[in-house]
Amino acid sequence: MSAAESLTAAFHWQSWAVFRRNALVFLRNWRTAVIPPAMEPVIFFVAFGIGFSGYIEDLDYRGAQMNYATYVAAGLIAYTGFGTPYYEALYAAYVRMFYQKTWDGILATQVELPSVVWGEILWAAVRGMVNISIVCSVIAVFDVIGVVDVKVAFLVFMPFLGFIAGCAFASFALIFTAIVPAIDHMNYPVFLIGWPLSLVSNTFFPIDPQSVVLRALWQINPVYQLAEAARGLLVFGDPGPHLVGLLGSTLLFLVPCTVLSTRLTRRRVLGE
Amino acid sequence: MTSAILEARGLTKSYGGRVVVDHLNLDCRPGSVLGLLGPNGAGKTTTLRMLYGFVPPDEGAISYEGMEFSKHRSEAKRMIGVCTQEDSLDYDFTVAQNLFIYASYFRPRVENLDRRVAELLARFELTPYADASPHVLSGGFVRRLLIARSIVHRPRVLFLDEPTTGLDPSARLDAWELIDGMRSDGLAIVLTTHYMDEAERLSDELLVVHEGRDVAHGEPHRVIGDLLGDHVVVIPRHEPARDRIETWLQSRGAQQVATVLGELRVPVSKDDLLALSAEFEGATWQVRPPNLDDLFIALARRNGRIR
């Protein structure tokens, strides 16, 4: 199986058959699948965005002054856009692969392994869209009551930005899904990578690295690009260079991570 | 005789430098059951996995209806149904939904799917459970659902990997009836099993695999005869002359003396049988035709797993 086949499987009907299977499960269980996880960013927003706002002066962002709650609103979109697909492709995919043997059943059909991987990537990214939509609804309500000051019309674009970045995050997570010996080992990608990345990517506070190396690393960090693109759209109606940055950093992650996760999954599931 | 729908030649597979399938050849015809037999680790499941495309062979060729599998993978997989040994049902869906979801993994799409699902539910006696979770099913009915699922798309070739393992005798008999019915429908079935009576009764042809190699193939009774001869002498553990009989048989060239819970089982020729009867006139022993238990023991003993 070549790298090109691993990548082009995204457009194959088989990938969408796997996606559809996951979507149908979600629709059967949407109350438990959506409400509790979607509350996490909302609680973060209330606690940090509103709670801290009283103690933090307005922030200067690209020459404009904004309150902390407005700053965090975009950060929460990025936090959700990263966390939801990342954890979906870690835990939920691992359960399907290892405990439920769902992938074994699918691979006994016409569906090939790259399509199983892409079905999981696409589904995780769409899960991110769902949760981002809930966060955006909350932000819209807070805008109406004056807690935040955002361009509400641009909230409709947030789920689509999240889908783009979500594909990268999911493909990255599937690498760990393929290699961890047991579900307990998910602690490594969660606490050593996921948590730090989601907190220090201009999500809850601005970071302005002085080091050239760190600046370069930030440019290829999709969480940072997602946060800044969302913030630019919500505050100015203009993402600046960060929409291109989001697309570029996503591709930079998505291509090698998809190829690698497909190879590692082949070794894990098929023993090849 | 109809021509084979599945042909495999020279199938070979190694893992970590160890050859687990060694130049295996097999054919399967429509409306017949090919039984794949062998001890644990013989290479049966690996062979099956190569045949249905789960893993690629290191060497060899597989064809379905003359189509080379490696070049027409998608078309060939549309013809294949697989019932794995492990339970891979989708417990997030109902019994009926499992069939619908599984059908969605095939193109061209399954025609008249609603009717097909209803027909399978009825045939496998799953209709009362159609809207229930598979969690409510007993082991036998889980297996029924797995088999029903494997043929929802109307395949031409069906792989059954130990389809009755773990089932009670009644459920096994039910599964046999279902498999026999699918054979009558014209399916070419490749079956792996550890149950000797199942292999003898269900298989039209047996392929005995040992250490990845074909050690015998053909009709079941002929396969056993070729490997073990026509008679098996069974000497019970409490027979006082047991040890002398064993020594005597070995002196006459009996090489497949097996001890099972103290009981001796030895394939013998007709001449040896007559000589034994004359030499140990008062001893207690039985004679019966060889069965696949004897075959397995002989192969496992050859592999050093039984003394």
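For the stretch A:103-118, a residue qualifies if it is open to solvent by 10 Å² or more (accessible area, probe 1.4 Å) and more than 16 Å from residue B:50 (Cα to Cα), and exactly one does: A:118. When the residues of the stretch A:119-146 are filtered to those that are free of Cβ contacts under 8 Å to residues at least 12 places away in the same chain and of a type in the set (A, V, I, L, M, F, W, C), the one that is least open to solvent (accessible area, probe 1.4 Å) is A:141. Residues that are more than 14 Å from the chain's Cα centre (by Cα) and of a type in the set (Val, Ile, Thr) were ranked within the stretch B:14-35; the one that is most open to solvent (accessible area, probe 1.4 Å) is B:19. Among the conditions (1) more than 14 Å from every other protein chain (Cβ to nearest Cβ); (2) out of contact with any strand residue (DSSP E or B) (no Cβ under 9 Å at 6 or more places or on another chain), the only one that residue A:96 does not satisfy is (1). Candidates B:43, B:53: the one that is at positive phi, more than 9 Å from chain A (Cβ to nearest Cβ) and in contact (Cβ under 8 Å) with a residue 24 or more places away in the chain is B:43. Restricting attention to the stretch B:281-305, the residues being open to solvent by less than 20 Å² (accessible area, probe 1.4 Å) and either at pLDDT 80 or above or of a type in the set (D, E, K, R) (or both) number 1. Taking (1) within 30 Å of residue B:157 (Cβ to Cβ); (2) more than 14 Å from chain B (Cβ to nearest Cβ); (3) polar (S, T, N, Q) in turn, residue A:133 satisfies each apart from (1). Of all residue pairs spaced 6 or more apart or on separate chains, those with beta-carbon atoms under 9 Å, a first member in the stretch B:278-307 that is within 20 Å of residue B:207 (Cβ to Cβ) and a second member that is open to solvent by 70 Å² or more (accessible area, probe 1.4 Å) and at pLDDT 80 or above are B:291/B:200; B:292/B:200; B:299/B:211; B:302/B:211; B:303/B:211.
Do the conditions hold for residue A:265, that is, is it within 30 Å of residue A:108 (Cα to Cα), surrounded by 22 or more Cβ atoms within 10 Å (Cβ to Cβ) and away from chain B (no Cβ under 14 Å)? No.
Could you look through the stretch B:215-238, keep only residues that are of a type in the set (Asp, Glu) and more than 14 Å from the chain's Cα centre (by Cα), and pick out the one that is nearest to residue B:40 (Cα to Cα)?
Looking at the filtered set, the residue picked out is B:226.
The set of residues in the stretch B:60-77 being more than 11 Å from chain A (Cβ to nearest Cβ) and more than 23 Å from the chain's Cα centre (by Cα) consists of B:66, B:67, B:68, B:70, B:71, B:72.
Scanning the stretch A:183-208 for residues that are assigned to a loop (DSSP other than H, G, I, E, B) and open to solvent by 20 Å² or more (accessible area, probe 1.4 Å) turns up A:200, A:205, A:206, A:207, A:208.
Reported count of residues in the stretch B:83-111, each being among the acidic types (Asp, Glu) and more than 9 Å from chain A (Cβ to nearest Cβ), is 1.
The values are calculated or read from the model by the stated rules, or taken from the named source; none is laboratory data. Because the structure is a prediction, the values reported are computed rather than measured. Counting neighbours? That spans all protein chains shown, and the Cβs are built from the backbone with ideal geometry, glycine included. Ligands, DNA and RNA are stripped out before the accessible areas are found, and what is left, the full protein with its side chains, is counted by its heavy atoms. Shrake-Rupley method; radii C 1.70, N 1.55, O 1.52, S 1.80 Å.
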